[in-house]
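Enquirer: Sharing a structure here in structure tokens format.
Derivation of every value follows stated rules applied to the coordinates shown; laboratory data play no part. Please read all numbers here as calculations on a predicted model, not as lab measurements. Backbone-built Cβ (ideal geometry, glycine too); neighbour counts: all protein chains shown.
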């Protein structure tokens with residue numbers, strides 16, 4: 001029996017469910033490309049945040065060679081979708097979600113923020129922007 | 001947007017409950033209509049799994065934020081995958097009224 005896959009950490013789940021082609025070819029909607037969340041995250045870390053493979057691998061909690069395999073699979077799926085005109089759907093994969101804790105200095109509360117792509121961090125309670133990322137909070141809450 | 005707040009009682013004068021899974025009541029506050037709903041927590045006496053069971057309860061109400069004094073070890077990953085934001089308020093003497101006031105002035 002194959003060894004179970006290690007769970008990959010996703011800090012930034014996609015905001016949309018996927019993509020559909022403009023003026024799709026008839027009969028192609030039925031077979032979308034299924035892009036796993038870990039593949040999406042690999043593509044985002046490498047080609048959007050422009051991180052090195054080693055840095056990205058640490059962020060997702062996998063080894064560098066594993067990261068390379070996930071990234072390669074992601075690239076191939078995107079290429080397949082583009083050339084064959086198939087829709088892409090983000091779904092599944094051996095993943096878990098994790099977010100960072102932030103601390104609001106005005107109302108002294110902690111809150112988490114899932115989507116790091118939105119950099120403006122405002123306190124959900126008092127709307128103050130006087131917040132900071134809190135590593136200490138991260139440890140005590142886990 | 002709906003916000004869940006953990007409460008020690010079923011009146012707006014009650015204070016914030018310091019626990020999430022085994023709090024006495026959940027307050028579901030709707031920022032659009034301004035309505036509040038008090039739900040007794042059926043998992044208060046649960047031996048274990050109170051957190052995940054409570055998540056199901058609040059998620060079924062369609063909340064996007066949860067305010068409590070503390071969250072247990074099991075719940076954060078589930079909330080993250082449901083894209084529900086957590087807010088931890090350490091000052092548990094705050095009343096439900098005060099919290100609703102703070103979140104509704106946005």
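Enquirer: Compute the Cα gyration tensor for the protein assembly as shown, then decide on rounded, prolate or oblate, letting a ≥ b ≥ c be the square roots of its eigenvalues: rounded whenever a/c is under 1.5, prolate when a/b is larger than b/c in the other cases, and oblate in all that remain. Walk me through the intermediate numbers first.
Expert: On the way: a/c = 2.07, a/b = 1.87, b/c = 1.10.
Prolate is the answer for the protein assembly as shown, as a/c is 1.5 or above and a/b outweighs b/c.
Enquirer: Only bridges with both residues in the protein assembly as shown count here: give the DSSP antiparallel percent, nearest 5. Spell out each step's value before the answer.
Expert: Numbers: 26 of 39 bridges.
Antiparallel: roughly 65 percent of the beta bridges in the protein assembly as shown.
Enquirer: While we're on this one: Please check: in the Gaussian network model of chain A (C-alpha springs, under 10 Å), which one of A:44, A:76, A:23 has the largest mean-square fluctuation.
Expert: A:23
Enquirer: Ok, one more. Once you place label points 7 Å from the Cα toward the Cβ at residue A:15 and residue A:49, how far apart are they in nm?
Expert: That separation, rounded to one decimal, is 1.7 nm.
Enquirer: Comparing A:32, A:13, A:21, which has the greatest mean-square fluctuation in the GNM of chain A with Cα pairs linked when under 10 Å apart?
Expert: A:21
Enquirer: Pull out the extension gain between residue A:130 and residue A:2, defined as 0.36 nm times the separation in residues minus the alpha carbon to alpha carbon distance; nm, one decimal.
Expert: Working: separation 128, 0.36 × 128 = 46.08 nm, distance 4.89 nm.
Fully extending the segment from residue A:130 to residue A:2 adds 41.2 nm.
Enquirer: Here is a further query. Before anything else, pin down the relative contact order of chain A: Cα pairs under 8 Å, at least 6 apart, normalised by residue count, whole percent. Display every interim value, and only then the final one.
Expert: Values: 214 pairs, mean separation 42.2, N = 142.
Relative contact order comes out at 30 percent.
Enquirer: Sort B:17-28, B:55-66 by the packing proxy (mean of other Cβ within 10 Å over each peptide's residues), most packed first.
Expert: Numbers: B:17-28: 21.2, B:55-66: 16.8.
The packing order, highest mean first, is B:17-28, B:55-66.
Enquirer: What number, rounded to the nearest 500 deg cm²/dmol, is the helix-based mean residue ellipticity at 222 nm of chain A, given -39500 (n - 2.57) per DSSP H run of at least four residues and division by all its residues?
Expert: The per-residue figure over chain A is -9000 deg cm²/dmol.
Enquirer: With each label point set 7 Å from Cα along the Cα-Cβ vector, what nm distance links residue B:104 and residue B:56?
Expert: 3.2
Enquirer: In degrees from 0 to 90, rounded to the nearest 10, what is the angle of the helix B:50-60 Cα long axis to the longest principal axis of chain B?
Expert: Tilt relative to chain B: about 50 degrees.
Enquirer: Additional query: To the nearest 0.05, how large is the calculated FRET efficiency for residue A:100 and residue A:25 if R₀ is 35 Å and r is the Cβ-Cβ distance? Intermediate values should be presented prior to the final figure.
Expert: Working: r = 42 Å, r/R0 = 1.19.
FRET efficiency, residue A:100 to residue A:25: 0.25.
Enquirer: Under 10 Å, Cα contacts only: if you run a Gaussian network model on chain A, which one of A:43, A:25, A:114 comes out with the highest mean-square fluctuation?
Expert: A:25
Enquirer: With a cut-off of 8 Å between alpha carbons and a minimum separation of six or more residues, what is the relative contact order of the range A:50-119 in percent?
Expert: Details: 36 pairs, mean separation 10.1, N = 70.
RCO, the range A:50-119: 14 percent.
Enquirer: Counting partner chain Cβ atoms within 10 Å of every residue's Cβ in B:81-91, what's the average?
Expert: On the way: counts 8, 2, 6, 2, 6, 9, 9, 10, 7, 3, 3.
Per residue, the number of nearby Cβ atoms from other chains is 6 on average.
Enquirer: Ok, one more. I'd like the distance between the alpha-carbon centres of the range A:20-56 and the range B:33-106, rounded to an integer number of Å.
Expert: The two parts, judged by their Cα centres, are 33 Å apart.
Enquirer: Cut-off is 10 Å between beta-carbons; in what order do B:36, A:83 appear when sorted fewest neighbours first?
Expert: Numbers: B:36 16, A:83 8.
Fewest to most other Cβ atoms nearby, the residues stand as A:83, B:36.
Enquirer: Nearest 10 degrees is fine. How inclined is helix A:64-84 to the longest principal axis of chain A, computing both from alpha carbons?
Expert: Helix A:64-84 sits at roughly 50 degrees to that axis.
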